[in-house]
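Have a look at the structure below before the remarks.
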Amino acid sequence: MAATSGKAKTPYERRSKISQIVCNQAAAAESSDHQKRMRERKNATTLPEDLILAEILPRIPAKYILRCRLVCKSWNSVFSTPAFVNSHLTHQLHNSEENDRIIIKRYGFNEQVDILSLTNSIRVPKVPCACDKLCGSINGLVLIVSTPRRRFCLWNPAIGQVRLFDFPPLDVHYAGFCWDHVQNDYKVLMFCHAISRQIFIYSTNSATWTSLPGFMLWMSPGPSTIVKGTPYWSYPISLTLPGEKLKRKFFSTFKFVPEINEFRILPDLDSLKCRGNNFNIANIRDRLVGMAYKLVNRGESNTMVDMYSLDDEESSSGVWSKMYSIGPVCLDSTQWLSQAFRNGGEILIRGDSGPCAFYDPKTKEIKSIAGTTSTFLREFGGRCYSYMPSLVRVRGMESMQNFSTNGVS
């Protein structure tokens, strides 16, 4: 009698075996489907690298570009090319939310610079030299002055790059910053109020100082307002017009045209034709805007601020035209208007008490900026500028770490 092949399986065992086979087949099918979906997803989300570098990365803020440098060596090299830097700058200039900042120097303290947004204030942890003056900000580059060391510093806080250069061999009292967009040349103006009252200009392209004849500056220019690389200054003058006995106050404005190295006097604004006795200029949406208002005494009603634009600026017949009024805003001898956030038009209000604030023309509200206190405000000088983080650098810039290693400050 032949041997049996084994003990017969019970119905339960047969069902378990069939169930296991079915589960294995289902798992295999699911794994196959998963792999298929992953392949499809990968194919659907993978973009050509040229498209990523040309269209996507130039649109993201500079702080994220710095992180993307770690992706690979080729990306790190691309991010330093003039083509990518210029493309990134162009896109960031139109990013109204992420890059709208104001950079400001605390008065009376070296190496203390703050960057304000609409929500908070951020202290820049390290400034590359003893900074006693903040003289301008263009395309992410910041010009600061160390008077004791008779030295200028052109600095990009976002990428930690710096270039130092010395004063011309004259007494220097004031400085300005501008950009020749035709030659892509960032320039520094020096107002030397000695007997000769000379004005010099430094070109970062040629790394040389030259004298600028033909403009006699009889006043001491305070902080400038920079619009599209062009610096503007405004100051009050008092004149007695023919047929009048009392002096009338005018607000005079002039600018420097960096493409042709030429100063131009702009039309004056008569204080009698505007609302108040104070006039400040600001960069709002990349145009020069004048803010005329009257300071009120404590207890008096709030004031309105008239906003003016300069029409036909390039012609001798240019005129200040009223655009609109904002307010009411509480402005007295302890509070005043300063710069504006470039893209949104929110106006910075500074003073010697309370937090730093801004007036929002859309909501007609005054909102405080976190991290600013009365002490913080009292330390502010009058120098603040529109600021936008960027990848821009000029020839001769080095990492701040090199200067720290070499003991240069």
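To the nearest 10 square angstrom, what accessible area does Trp75 show with a 1.4 Å probe?
Using a 1.4 Å probe on the heavy atoms, I get roughly 40 Å².
Please go through the residue pairs Lys126/Lys255; Lys133/Lys255; Lys63/Lys255; Lys105/Lys228; Lys63/Lys362 and name each one whose alpha carbons sit more than 23 Å apart in this structure.
Distance filter (> 23 Å) returns Lys126/Lys255; Lys63/Lys255; Lys63/Lys362.
Expected output is a single nm value to one decimal: the length gained when fully extending between Asp166 and Arg287, i.e. 0.36 nm times separation in residues minus the C-alpha distance. What is it?
Stretched fully, the Asp166-Arg287 segment lengthens by 40.3 nm.
For the ranges 387-394, 55-62, what's the packing order if you count other beta-carbon atoms within 10 Å of each residue, average per peptide, and put the highest first?
Result, highest mean first: 387-394, 55-62.
Could you give the nm distance between label points at Glu398 and Asn120, where each point is 7 Å from its Cα heading toward the beta carbon?
Taking the simple label geometry, Glu398 and Asn120 are separated by 3.4 nm.
For the pair His94 and Val182, what calculated FRET efficiency results from E = 1/(1 + (r/R0)^6), where r is the Cβ-Cβ distance and R0 = 25 Å, to the nearest 0.05?
It comes to 0.75.
Quote the accessible area belonging to Ser321 in square angstrom, nearest 10, computed with a 1.4 Å probe and with ligands, DNA and RNA left uncounted.
30 Å²
Among residues other than Lys322 whose Cβ falls under 12 Å from its Cβ, what is the net charge (Lys/Arg +1, Asp/Glu -1)?
0
In nanometres, what is the gap between the two model label sites at Ala54 and Lys294, each 7 Å from Cα along Cα-to-Cβ?
So the label points at Ala54 and Lys294 sit 5.9 nm apart.
For a label point 7 Å from the Cα of Lys273 along Cα→C-beta, name the residues of the stretch 279-294 whose backbone N is under 20 Å from it.
279-282, 288-294
The values are calculated or read from the model by the stated rules, or taken from the named source; none is laboratory data. Quick caveat: nothing in here was measured; it's all calculated off a predicted structure. Heads up, the Cβs are rebuilt from the backbone with ideal geometry, glycines too, and the neighbour counts pull from every protein chain shown. Protein only, heavy atoms only, side chains kept; ligands, DNA and RNA dropped before computing areas. Shrake-Rupley method; radii C 1.70, N 1.55, O 1.52, S 1.80 Å.
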